[in-house]
Amino acid sequence: MQRIISKHCRMYSLRLGLEDDRLERVLAGSGCEVHCFDPSIRAAHLQDSHMWLHRLSVDWRDPNPAVPAQKLHSNTKKLATILNDFGHRQVDVLKVDMESAEWKILENLILEEVLDSIGLLLLEVHLHWAGFEVGGDEPSVVRYWFSLLRELERAHFRLYHSSSDPTKPHLFLHKNLQNASSSYILGWVNTQFSPQ
């Protein structure tokens, strides 16, 4: 909160297509530096006051330089690479809504030790199927998801909020369950985050 009040905050919003951007607009209106990464925008980079829109998709891998650029989505990079390219060492708020790519992106953030540079993580998880490049039987998928959330806790992140969208289907790994949702928003705070 102090960083928002002092206008020294930075937010990254990872998304695919249109979504609710109220939080991004509120933080930008408060003077925070907001970067939205969305491969569906037309221009490579747009700026609107304190909000930057980048035609760039955040992925769990960087493009392979050996593969010709025309065969790749050349506007795809890992978050660690983007932070380095932009010269940003910290992100106060990271919002992730990647339509089932969030599991592999979270795994990459853990493996590359990027979590230390994130203060608040707003993660929309999708449970209707295993996710991109996640395989195995149902117990294996659930163990994989659980292990990633457990690693967040080991990295000093604490869950402070969770909610489901009642308009989403009641699906869990392709099964219709009335007491489940296919999508949840999880809010995690890094208890060891020290802004620089």
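The values are calculated or read from the model by the stated rules, or taken from the named source; none is laboratory data. Computed from a predicted model, the values in this text were never measured in an experiment. Cβ atoms come from the backbone with ideal geometry, glycine included; neighbour counts cover every protein chain shown.
Before we move on, is Ser140 of a type in the set (Gly, Ala, Ser) and touching a Leu at 6+ places or on another chain (Cβ under 7 Å)? Working first, answer last.
Details: of a type in the set (Gly, Ala, Ser): yes; touching a Leu at 6+ places or on another chain (Cβ under 7 Å): no.
No, not satisfied.
Taking segment 24-40 on its own, how many of its residues are closer than 9 Å to His54 by Cα and in contact with a helix residue (DSSP H, G or I) (Cβ under 8 Å, 6 or more places away or on another chain)? The total comes to 3. Taking strands (runs of 3 or more DSSP E) as the structural unit, those lying wholly within segment 71-145 and holding at least 2 residues that are touching a helix residue (DSSP H, G or I) at 6+ places or on another chain (Cβ under 7 Å) and among the charged types (D, E, K, R) correspond to 91-97.
Against the list (1) surrounded by 11 or more Cβ atoms within 10 Å (Cβ to Cβ); (2) more than 19 Å from Lys95 (Cα to Cα); (3) hydrophobic (A, V, I, L, M, F, W, C), the condition Phe146 fails is (1). Just one of the numbered conditions (1) surrounded by 11 or more Cβ atoms within 10 Å (Cβ to Cβ); (2) under 19 Å from Trp60 (Cα atoms) is not true of Phe157: (2). For segment 71-121, a residue qualifies if it is surrounded by fewer than 16 Cβ atoms within 10 Å (Cβ to Cβ) and on the phi > 0 side of the Ramachandran plot, and the qualifying residues are Gly87, Glu99, Glu113.
Residues that are of a type outside the set (Ser, Thr, Tyr), in a strand (DSSP E or B) and surrounded by 14 or more Cβ atoms within 10 Å (Cβ to Cβ) within segment 160-178 comprise Leu171, Phe172, listed in sequence order.
Filter segment 128-142 down to residues that are modelled with pLDDT of 90 or more and surrounded by 11 or more Cβ atoms within 10 Å (Cβ to Cβ), then give me how many there are. Give the steps one after another, and end with the answer.
Here is the first cut: in segment 128-142, the ones modelled with pLDDT of 90 or more are 137-142.
Imposing the further condition that a residue be surrounded by 11 or more Cβ atoms within 10 Å (Cβ to Cβ) reduces the set to 138, 140-142.
Total satisfying the criteria: 4.
Which residues, taken from segment 139-184, are in contact with a Ser or Thr (Cβ under 8 Å, 6 or more places away or on another chain) and closer than 16 Å to Ile118 by Cβ? If the condition is that a residue be in contact with a Ser or Thr (Cβ under 8 Å, 6 or more places away or on another chain) and closer than 16 Å to Ile118 by Cβ, then His156, Phe157, Arg158 are the ones that fit. Taking segment 81-127 as the range and being under 25 Å from Ser163 (Cα atoms) and of a type in the set (Phe, Trp, Tyr) as the test, only Trp103 passes. Are any of the residues in segment 33-50 of a type in the set (D, E, K, R), surrounded by fewer than 16 Cβ atoms within 10 Å (Cβ to Cβ) and modelled with pLDDT of 70 or more? Yes, segment 33-50 has at least one match.
Annotation note: of Glu151, Glu124, the sole residue that is more than 17 Å from Gln192 (Cα to Cα) and surrounded by 13 or more Cβ atoms within 10 Å (Cβ to Cβ) is Glu124.
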